[in-house]
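Novice: Here it is, the structure, as structure tokens.
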Amino acid sequence: MRSGLLMVFAALLVSGVAVGQVDASATSAKGCSFSAAGPSSQAGFNERNPRYQIQTGDTFDINFEFAPEFNQTTTVQPDGFVALREIGDLHVAGQTVPELSRMLCEVYGKIMVSPSIAVVLKDFEKPYFVAGGQVSHPGKYTLRGDTTLTEAIAMAGGFTDKSKHSQVLLFRRVSDQWTEAKVVDVKKMLNAKNLGEDPFLKPGDMFVVPQNRISKIARFLPNSGVSTYINPAQF
């Protein structure tokens, strides 16, 4: 009887250890905490408050609250990778700051318990837009605060006499491969004095004012296909 009770107790003890190990692992995964600080950036025309996506050349700090010896400042290489202490190379280009923070939490969670990580962008591409086509001063402009398409056109010197401003093309990159295109009838909008549909620009947006009528344009274009609508001599 006594030996039987001992066997049962031993079985329960082993079972309890196993359960405790599973719970500890789950707690470690859930206990990983992070914070992120950075600007907002590209997204489709229908997305509000998009997050900034990390690009090559960006520099950011990685701070560990409970393991400061792992703190580091790193710069994204031309191929989109960063070299991390004790981890090695990790591809981060195209990630938002929260996505990067979560990724770092996962990879460092393999070598430490419940890491608490903060990512802070230090140097990144400043917001800009590009004006092309039939405007007086085509080129790249700094995007400061809330700027609408008509305001951006004014910053670029306004339309030329040859402009087809009933078909202003607005391009917004939505991924590493695709750009969303939208045709805006600025002429109609100005004649009706209805600026309620005047779209706000996002960092990296480009608009092109054509000289001739464009019969059709796909909503989504490969990034390389956008150059079809730009005169390279203008930039």
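The values are calculated or read from the model by the stated rules, or taken from the named source; none is laboratory data. Since this is a predicted model, take the numbers as computed values, not measurements. All Cβ positions, even for glycine, are placed from backbone atoms using ideal geometry, and neighbour counts span all protein chains on display. The protein model used for the area step is the full one, side chains on, heavy atoms only, and it has no ligands, DNA or RNA in it. Shrake-Rupley method; radii C 1.70, N 1.55, O 1.52, S 1.80 Å.
Novice: Would you check which residues across the range 113-134 are touching a helix residue (DSSP H, G or I) at 6+ places or on another chain (Cβ under 8 Å) and either open to solvent by 10 Å² or more (accessible area, probe 1.4 Å) or farther than 18 Å from Thr74 by Cα (or both) and list them?
Specialist: Val113, Ser114, Pro115, Ala118, Leu121, Phe129, Ala131, Gly132, Gly133
Novice: Going by the conditions given, is His137 modelled with pLDDT of 95 or more, closer than 28 Å to Pro222 by Cα and open to solvent by 30 Å² or more (accessible area, probe 1.4 Å)?
Specialist: When the stated conditions are applied, His137 passes them.
Novice: Let me ask you something else. What are the pairs with Cβ atoms under 6 angstrom where one residue, in the range 182-196, is in contact (Cβ under 8 Å) with a residue 24 or more places away in the chain and assigned to a helix (DSSP H, G or I) and the other, located anywhere, is among the acidic types (Asp, Glu) and surrounded by 11 or more Cβ atoms within 10 Å (Cβ to Cβ)? Sequence gap at least six, or different chains.
Specialist: Every condition considered, no pair remains.
Novice: Turning to a different aspect of this structure: Specify which of the listed residues (Thr150, Thr160) is out of contact with any Gly (no Cβ under 8 Å at 6 or more places or on another chain), under 20 Å from Leu195 (Cα atoms) and hydroxyl-bearing (Ser, Thr, Tyr).
Specialist: Unique residue meeting the criteria: Thr150.
Novice: Ok, one more. In the range 194-207, is there at least one residue being among the aliphatic types (A, V, I, L, M) and open to solvent by 40 Å² or more (accessible area, probe 1.4 Å)?
Specialist: Taking every residue of the range 194-207 in turn, at least one turns out to be among the aliphatic types (A, V, I, L, M) and open to solvent by 40 Å² or more (accessible area, probe 1.4 Å).
Novice: Name the single residue that is most open to solvent (accessible area, probe 1.4 Å) among those in the range 141-159 being more than 15 Å from Phe200 (Cβ to Cβ) and without any contact (Cβ under 8 Å) to a residue 40 or more places away in the chain.
Specialist: Here the residue is Thr142.
Novice: OK, next. Of Gln55, Gln77, which residue is open to solvent by 40 Å² or more (accessible area, probe 1.4 Å) and within 21 Å of Arg172 (Cα to Cα)?
Specialist: Gln55
Novice: Of Phe159, Phe207, Phe129, Phe220, which residue is over 29 Å from Gln53 (Cα atoms) and either of a type in the set (D, E, K, R) or in contact with a strand residue (DSSP E or B) (Cβ under 9 Å, 6 or more places away or on another chain) (or both)?
Specialist: Testing whether each residue is over 29 Å from Gln53 (Cα atoms) and either of a type in the set (D, E, K, R) or in contact with a strand residue (DSSP E or B) (Cβ under 9 Å, 6 or more places away or on another chain) (or both) leaves just Phe159.
Novice: Related question: Taking strands (runs of 3 or more DSSP E) that fall entirely within the range 48-156, which contain at least 3 residues that are under 15 Å from the mean Cα position of the chain (by Cα)?
Specialist: Because the criterion is at least 3 residues that are under 15 Å from the mean Cα position of the chain (by Cα), the strands (runs of 3 or more DSSP E) in the range 48-156 that meet it are 116-123.
Novice: Among the numbered criteria (1) touching a residue at least 24 places away in the same chain (Cβ under 8 Å); (2) under 15 Å from Gly132 (Cβ atoms); (3) not β-branched (Val, Ile, Thr), which one does Gln177 miss?
Specialist: Failed condition: (2).
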